[in-house]
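Each value in this text was obtained by applying a stated rule to the coordinates, not by laboratory testing. Computed from a predicted structure; not experimentally measured. Here the Cβ positions follow ideal geometry from the backbone for every residue, glycine too, while neighbour counts run over all protein chains shown.
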């Protein structure tokens, strides 16, 4: 029974903190293959849950904004409108694109999804990565399968690296 609880613990932790899960699994005494299975399954399930939940959040914020204008006190709305006006003025006076800025925008448009997919399991949390992927690349069919493959491959690399470091 204790082994099942360890696997459940690692599975639940990997849905939130994917990068640090192998350290925890090693500390509680879970073996390599148990950690591999629990962490990858937990990471994929966590990503899928967050990905589909983020659609609800994105859609609901579109409907909440008009209601918020009615409920929020006048002085807060006034403060927000002044802030928006200052932002518009700053945007109007913003400098024109340079060659470097154009290249960066082109790079982001061409490789932005792949950057999010590669960095989500390691640097960005699964929650934030799922939200960004849904918000900006939700209409691309290959986004979710590529993210799942990325979670599996990077999880195997992370676990193997941690186990190698801990054993030596």
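Within segment 90-120, take every residue that is more than 30 Å from residue 48 (Cβ to Cβ) and surrounded by 10 or more Cβ atoms within 10 Å (Cβ to Cβ) and give me the one that is farthest from the chain's Cα centre (by Cα).
97
More than 30 Å from residue 164 (Cα to Cα) and surrounded by 12 or more Cβ atoms within 10 Å (Cβ to Cβ) - does that describe any residue in segment 34-44?
The answer is no, given that none of the residues of segment 34-44 is more than 30 Å from residue 164 (Cα to Cα) and surrounded by 12 or more Cβ atoms within 10 Å (Cβ to Cβ).
Inside segment 3-33, can you point out the residues that are crowded, with 19+ Cβ neighbours inside 10 Å, assigned to a loop (DSSP other than H, G, I, E, B) and under 26 Å from the mean Cα position of the chain (by Cα)?
Within segment 3-33, 15, 18 meet the criteria.
What about residue 81, is it farther than 30 Å from residue 60 by Cβ and either out of contact with any helix residue (DSSP H, G or I) (no Cβ under 6 Å at 6 or more places or on another chain) or loosely packed, with under 12 Cβ neighbours inside 10 Å (or both)?
Judged against the criteria, residue 81 is not a match.
I'm told residue 130 meets every condition in (1) surrounded by 11 or more Cβ atoms within 10 Å (Cβ to Cβ); (2) more than 20 Å from residue 47 (Cβ to Cβ) except one. Can you identify the failing condition by its number?
Answer for residue 130: the failing condition is (2).
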